[in-house]
Amino acid sequence: MTIAITHAGFCTPLGQDAHTILQALYQGDVQHMVRRSQLLFDRDAIVGEVNVALPTIPAAFKQYDCRNNALMLKAFESLAAPLAAAIAKYGADRIGVVIGTSTSGIAKGEQALKYHQQHGCFPDDYHYVQQELGSSALFLRDYLQLSGPAYTVSTACSSSAKVFASGQRLLDSGLCDMVLVGGVDSLSQLTLNGFDALESISDSLCNPFSPQRNGINIGEGAALFTLERGRGPVLLAGCGESADAYHISAPHPQGDGAVAAIEQALSQAGLAPADIDYVNLHGTATMQNDAMESHAMLRVFGEQLPKCSSTKPLTGHALGAAGAIEAAFCWLLLSSSNAEHYLPRHRWNGEADPQLPRLPLLSEPYRHHQPLQHLMSNSFAFGGSNVSLIFSRGTM
């Protein structure tokens with residue numbers, strides 16, 4: 001069954017519109033990576049922060065009021081008209097919602113706990129639902145007055161990549177005629193200090209695939225998409241999922257699970273490795289992840305590796321939202337907005353790790369010689385939850 005990604009909405013550190021985001025990707029713009037205090041307990045942190053006015057959550061939905069849902073609502077703004085038309089066409093019970101997140105509104109919970117320590121009670125505007133992992137999908141469902149399936153996927157860094165496979169299944173099964181999928185995560189002390197406890201936070205701009213790489217920068221943001229059966233400007237060509245469960249936080253050293261996900265995506269898309277024009281790498285800049293991914297790429301693509309880059313030095317690692325944000329970049333690259341055939345620049349120190357297979361990273365601004373046809377995006381998470389997505393050019 002052919003599935004089209006008919007519309008997309010963005011709320012990212014790079015911007016909220018196609019032109020701004022594409023220019024930032026092409027130039028490798030890192031100005032959106034900022035140093036912030038009061039996130040890590042003992043020092044400042046470099047993070048990818050969304051710096052734009054966010055919509056107010058209506059009072060009727062106060063139990064969902066948190067920055068996480070406000071980021072998602074900002075991304076939804078450009079989808080409001082298409083969703084209204086879809087409700088009129090399909091009915092509210094035929095539209096599903098699947099959202100990926102890892103933070104939900106935990107920052108609201110952090111603030112509430114601090115208030116409780118000082119006053120012995122929680123503030124009036126705190127509701128536990130704000131920090132429940134399932135609240136993002138439920139908020140969007142209730143806000144749009146939909147009655148189709150609605151649920152949240154939370155599998156760490158693969159969360160909002162897996163929603164595409166979930167949406168695909170809802171359409172294939174006939175349960176839905178449209179599925180609103182995407183991801184959202186927001187900055188919080190919990191996640192930053194958790195990764196810092198794992199010695200995975202870099203005090204400088206992250207440096208994927210360099211021998212000097214020493215960890216991630218955390219980011220935030222949201223991206224939403226509408227999936228429908230049939231043709232469209234961008235197609236969801238293939239979804240590959242695996243769960244190698246090698247270790248609770250470390251990837252399989254040779255990338256067995258990653259290879260399985262990539263090969264499954266290629267098989268579903270009916271494509272050969274040589275058909276892929278570009279890969280948006282997971283590329284977190286941790287020692288083990290970059291080593292695993294480079295080995296996995298070599299195992300699948302051999303010596304004919306496609307152009308590739310990690311966009312995490314530009315946005316930070318948005319954790320549960322990373323898959324959706326990087327899918328948004330692929331959607332934009334394939335869209336009519338990318339008439340110049342831009343590809344995202346890989347920002348790093350330019351020194352490749354001699355211990356790893358050499359990847360053709362786009363260290364300089366790069367324009368593809370012809371319209372892009374097939375792009376891949378990889379997302380690999382704790383616990384060996386691996387996803388590879390393939391997006392293809394459709395009918396404009």
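The values are calculated or read from the model by the stated rules, or taken from the named source; none is laboratory data. Computed from a prediction, not measured in an experiment: that's the story for all the values here. Neighbour counts run over all protein chains shown; Cβ positions are idealised from the backbone, glycine included. These accessible areas exclude ligands, DNA and RNA; they are computed on the full protein's heavy atoms, side chains included. Shrake-Rupley method; radii C 1.70, N 1.55, O 1.52, S 1.80 Å.
Look at (1) farther than 28 Å from residue 215 by Cβ; (2) outside any loop (DSSP other than H, G, I, E, B); (3) not polar (S, T, N, Q) and you find that residue 314 fails only one, number (1).
Taking residue 75 as the residue in question, decide whether it is open to solvent by 40 Å² or more (accessible area, probe 1.4 Å), hydrophobic (A, V, I, L, M, F, W, C) and out of contact with any helix residue (DSSP H, G or I) (no Cβ under 6 Å at 6 or more places or on another chain).
So residue 75 fails the test.
Screening the candidates 64, 90, 143 for the property of being more than 19 Å from residue 167 (Cβ to Cβ), in contact (Cβ under 8 Å) with a residue 60 or more places away in the chain and among the hydroxyl-bearing types (Ser, Thr, Tyr) yields one hit, 64.
Out of 147, 188, report the one residue that is within 23 Å of residue 95 (Cα to Cα) and among the polar types (S, T, N, Q).
After ruling out the rest, the residue left standing is 147.
Going by what's in this entry, would residue 55 be described as over 17 Å from the mean Cα position of the chain (by Cα), free of Cβ contacts under 8 Å to residues at least 24 places away in the same chain and farther than 30 Å from residue 348 by Cβ? Yes; evaluated as a whole, the condition is true for this residue.
Rundown of residues vs (1) open to solvent by less than 10 Å² (accessible area, probe 1.4 Å); (2) touching a residue at least 40 places away in the same chain (Cβ under 8 Å); (3) within 22 Å of the chain's Cα centre (by Cα), yes/no style:
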residue: 274; (1), (2), (3): no, no, no
residue: 278; (1), (2), (3): yes, yes, yes
residue: 283; (1), (2), (3): yes, yes, yes
residue: 286; (1), (2), (3): no, yes, yes
residue: 294; (1), (2), (3): yes, yes, yes
residue: 300; (1), (2), (3): no, yes, no
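Every condition in (1) farther than 25 Å from residue 241 by Cα; (2) among the acidic types (Asp, Glu); (3) surrounded by 19 or more Cβ atoms within 10 Å (Cβ to Cβ) is met by residue 326 except one, and the failing one is (1). For segment 317-344, filtering for residues that are free of Cβ contacts under 8 Å to residues at least 24 places away in the same chain and part of a helix (DSSP H, G or I) leaves 0. Within the option set 143, 128, 90, being of a type in the set (Ser, Thr, Tyr), buried (at least 16 other Cβ atoms within 10 Å of the Cβ) and on the phi < 0 side of the Ramachandran plot holds for one residue only, 143.
Look at segment 93-125 and say how many of its residues are exposed (fewer than 15 other Cβ atoms within 10 Å of the Cβ), within 30 Å of residue 227 (Cα to Cα) and either at pLDDT below 95 or under 25 Å from the mean Cα position of the chain (by Cα) (or both). The number of residues fulfilling the criteria is 0. Put simply, of 190, 170, 235, 175 the only residue that is touching a residue at least 60 places away in the same chain (Cβ under 8 Å), assigned to a helix (DSSP H, G or I), within 25 Å of residue 87 (Cα to Cα) and open to solvent by 10 Å² or more (accessible area, probe 1.4 Å) is 170. Within segment 302-320, restricting attention to residues that are closer than 21 Å to residue 343 by Cα and of a type in the set (A, V, I, L, M), the residue that is most open to solvent (accessible area, probe 1.4 Å) is 305. Of the strands (runs of 3 or more DSSP E) lying entirely inside segment 1-79, those containing at least 2 residues that are closer than 13 Å to residue 222 by Cα and at pLDDT 95 or above span 3-11. Here 267, 249, 202 are screened, and the one residue that is open to solvent by less than 40 Å² (accessible area, probe 1.4 Å) and of a type in the set (Ser, Thr, Tyr) is 202.
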